[in-house]
1. Counting only residues that are surrounded by 20 or more Cβ atoms within 10 Å (Cβ to Cβ), out of contact with any Gly (no Cβ under 7 Å at 6 or more places or on another chain) and among the hydroxyl-bearing types (Ser, Thr, Tyr), how many does the stretch 177-224 have?
2. Please work out which residue is surrounded by the fewest Cβ atoms within 10 Å (Cβ to Cβ), limiting yourself to the stretch 30-78 and to residues that are of a type in the set (A, V, I, L, M) and part of a loop (DSSP other than H, G, I, E, B).
3. Given the conditions (1) farther than 19 Å from ILE268 by Cα; (2) without any contact (Cβ under 8 Å) to a residue 40 or more places away in the chain; (3) of a type in the set (Ser, Thr, Tyr), and given that SER300 satisfies all but one, which numbered condition is not satisfied?
4. Restricting the first residue to the stretch 320-339 and requiring it to be under 21 Å from GLY309 (Cα atoms) and touching a residue at least 60 places away in the same chain (Cβ under 8 Å), which pairs with a second residue that is part of a helix (DSSP H, G or I) and hydrophobic (A, V, I, L, M, F, W, C) meet a Cβ separation below 7 Å and a spacing of at least six or different chains?
5. Among the candidates ARG255, ARG235, which residue alone is more than 22 Å from LEU105 (Cβ to Cβ), touching a residue at least 12 places away in the same chain (Cβ under 8 Å) and touching a strand residue (DSSP E or B) at 6+ places or on another chain (Cβ under 8 Å)?
6. From ARG273, ARG262, grab the single residue that is in a helix (DSSP H, G or I) and under 21 Å from THR207 (Cβ atoms).
7. From the list ASP260, ASP284, ASP333, ASP316, pick out the single residue that is closer than 16 Å to VAL199 by Cα, of a type outside the set (Val, Ile, Thr) and surrounded by fewer than 22 Cβ atoms within 10 Å (Cβ to Cβ).
Amino acid sequence: MSSTASDIGVPAVPARPVTVVVVAGTHVRLARLAHLLSLSGIEVLGTARGADEAVTAVVELAPDTVLLDLALGAGGLETVERLMARCPTPIVLTGAASQNADLALAAGAVDVIAPTAEHMGPAPFARVLARHLGVASRVRVITHPRDRLRERGLDGEAPPVRRDPRRTAPVVVIGASTGGPPALASLLGGLPVELPAPVVVVQHMATGFVEGLAGWLDGVVDLPVSVALHGDRLRPGHVVVAPSDGNLVLGPGLRIEIEDPRPNQLHIPEVDRTMRSVAQVCGDRAVGVLLTGMGRDGASGLLALRRAGAFTVAQDESSSAVWGMPAAAMSIDAASVELALPDIPAAVVDAVARLVVPEAV
């Protein structure tokens, strides 16, 4: 007897079901995933076995989401990059694509299903697929920036900024969540190599993926990017990314501290915790930016920065994948300005320039 959605306990689907194009490496895998999705109430519009077929299917069928089960080295990463450049669509990784998924997430995929989920059995796995694809269908994605970054020289460089060695370097702190990796690549790619300020990035990301994000960013932007280490000191012109197993806290002398998360802490690392520490240490010699993301993390931290006299920016709704965190910041008047993503790098450069101009004697 065949199973139905009600048999396996999948919640009733809305009047318009979530639609998906499934991409996998074999016909057997495509058939299995399509069957599980039918049990979960997800409508499969089409299937594909590689990047070319995937792009054609997504362009023609315009699904809400893409479910990708194709090893990154066997065309999975190329599929993500080409889809995000040609027809940006929320991509969820599963199966073979969930192995070493950090590069695919950095390239624009929005979610990854843990490999252990499939071991739960068909019915629970069908529910997991439905939940992840349902959330992903509500994510607004933006074009993957890699090609634009490679051609950035055609559009001119950001104006240089001046550095006064007699004064402590200002600090730029950036928070992001859903849709953050491509937004970070766009923002950091617009900053000059001679930026006289260190940059701290807090990106919500599952354990094990931050190293890949930092490595990917280091390869596509001019500024050097690395994972923050406890005890290191921030350096102008360098970007550090908070690790995924603790909170990045800025201490005296721009010294990095990695502290254990609080019990029941929702987001690890936490944007609020980092921004509050920067506000306390740097005061008005900081620049805070809150990018795309779901939830409210970062709103109160950005407010603490603004109250300390720092210049603060929230990404606007039209350029955000998910206008949750920036919207929360705007609702409490935490942002000095609200800007579209392409306009944020110049605003950061200008704000830093104002902080490093020598004071009148």
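1. 1
2. First, pick out the residues of the stretch 30-78 that are of a type in the set (A, V, I, L, M): 30-31, 33-34, 36-37, 39, 42, 44-45, 48, 51, 54-55, 57-59, 61-62, 66-68, 70-72, 74, 77.
Next, only the ones that are part of a loop (DSSP other than H, G, I, E, B) stay: 42, 62, 70-71.
Values: ILE42: 29, ALA62: 12, LEU70: 28, ALA71: 15.
So, considering only residues that are of a type in the set (A, V, I, L, M) and part of a loop (DSSP other than H, G, I, E, B), the one surrounded by the fewest Cβ atoms within 10 Å (Cβ to Cβ) is ALA62.
3. Going through (1) farther than 19 Å from ILE268 by Cα; (2) without any contact (Cβ under 8 Å) to a residue 40 or more places away in the chain; (3) of a type in the set (Ser, Thr, Tyr) one by one, SER300 breaks only (1).
4. Sorted first by the residue in the stretch 320-339, then by its partner, the pairs are MET325/ALA299.
5. The conditions single out ARG255.
6. Working: ARG262 fails: in a helix (DSSP H, G or I).
So the residue among ARG273, ARG262 that is in a helix (DSSP H, G or I) and under 21 Å from THR207 (Cβ atoms) is ARG273.
7. ASP284 is the lone residue from the list that is closer than 16 Å to VAL199 by Cα, of a type outside the set (Val, Ile, Thr) and surrounded by fewer than 22 Cβ atoms within 10 Å (Cβ to Cβ).
Every residue, every condition in (1) among the hydrophobic types (A, V, I, L, M, F, W, C); (2) under 12 Å from ALA109 (Cα atoms); (3) not assigned by TED's automatic domain parsing to the domain that holds ARG131, yes or no:
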site	(1), (2), (3)
HIS27	no, no, no
SER38	no, no, no
ILE42	yes, no, no
LEU45	yes, no, no
ALA51	yes, no, no
VAL55	yes, no, no
GLY75	no, no, no
ARG82	no, yes, no
ALA96	yes, no, no
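The values are calculated or read from the model by the stated rules, or taken from the named source; none is laboratory data. For clarity, every value in this text was computed on a predicted model and none was experimentally measured. All Cβ positions, even for glycine, are placed from backbone atoms using ideal geometry, and neighbour counts span all protein chains on display.
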